[in-house]
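Working notes for the structure below.
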Amino acid sequence: MQLYFIFSLIASIIVIIFAITNATAVPVRVFFAEYELSLALVIFISTAFGAIIASMLGLVKLIKQTLQIKKLSHENQILIAEQNELQEELSALSATQPAAPSLEEEQQMIEPEI
């Protein structure tokens, strides 16, 4: 997060320096109207609109990720509850059945003695 802030600060300083060095008046046409504005002001306005648009797109992505996290968290809770039920079922079944032979005992029963 700090790296993003530092990058934004450096980019802002570069834009400010660029805008100040180009402070001449320029004609700006917006749809059917024409204005005479400072190039520095045009650069600032353009940069601000760009930042707003980028923030809006980032916000949409953040909302989608938040909804996905909520959905996966809910599915996770359901699966944990199902796992607990199956674990209880397994322990109830193992309590009613006699103990199964271990893997070594099974191998000894299968292999003939020489």
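The values are calculated or read from the model by the stated rules, or taken from the named source; none is laboratory data. This structure is a prediction, so every number in the text was calculated from the model and none was measured. Cβ sites come from the backbone with ideal geometry, for glycine too, and all protein chains shown count toward neighbours.
Numbers at a glance
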{"quantity": "Among (1) farther than 30 Å from Val30 by Cβ; (2) surrounded by 10 or more Cβ atoms within 10 Å (Cβ to Cβ), the one test that Ala95 misses", "calculated": "(2)"}
{"quantity": "Segment 31-60, residues that are within 19 Å of Ile20 (Cα to Cα) and among the β-branched types (Val, Ile, Thr)", "calculated": "Val42, Ile43, Ile45, Thr47"}
{"quantity": "Flag for Ser38 being among the polar types (S, T, N, Q) and either surrounded by fewer than 10 Cβ atoms within 10 Å (Cβ to Cβ) or out of contact with any strand residue (DSSP E or B) (no Cβ under 8 Å at 6 or more places or on another chain) (or both)", "calculated": "no"}
{"quantity": "Thr96 within 30 Å of Phe5 (Cα to Cα), among the hydroxyl-bearing types (Ser, Thr, Tyr) and either modelled with pLDDT under 90 or within 17 Å of the chain's Cα centre (by Cα) (or both)", "calculated": "no"}
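Okay, residues lined up against (1) part of a helix (DSSP H, G or I); (2) modelled with pLDDT of 95 or more; (3) surrounded by fewer than 10 Cβ atoms within 10 Å (Cβ to Cβ):
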{"position": "Tyr4", "(1), (2), (3)": "yes, no, yes"}
{"position": "Ile20", "(1), (2), (3)": "yes, no, no"}
{"position": "Pro27", "(1), (2), (3)": "no, no, yes"}
{"position": "Val42", "(1), (2), (3)": "yes, no, no"}
{"position": "Ala48", "(1), (2), (3)": "yes, no, no"}
{"position": "Ala51", "(1), (2), (3)": "yes, no, no"}
{"position": "Asn84", "(1), (2), (3)": "yes, no, no"}
{"position": "Leu90", "(1), (2), (3)": "yes, no, no"}
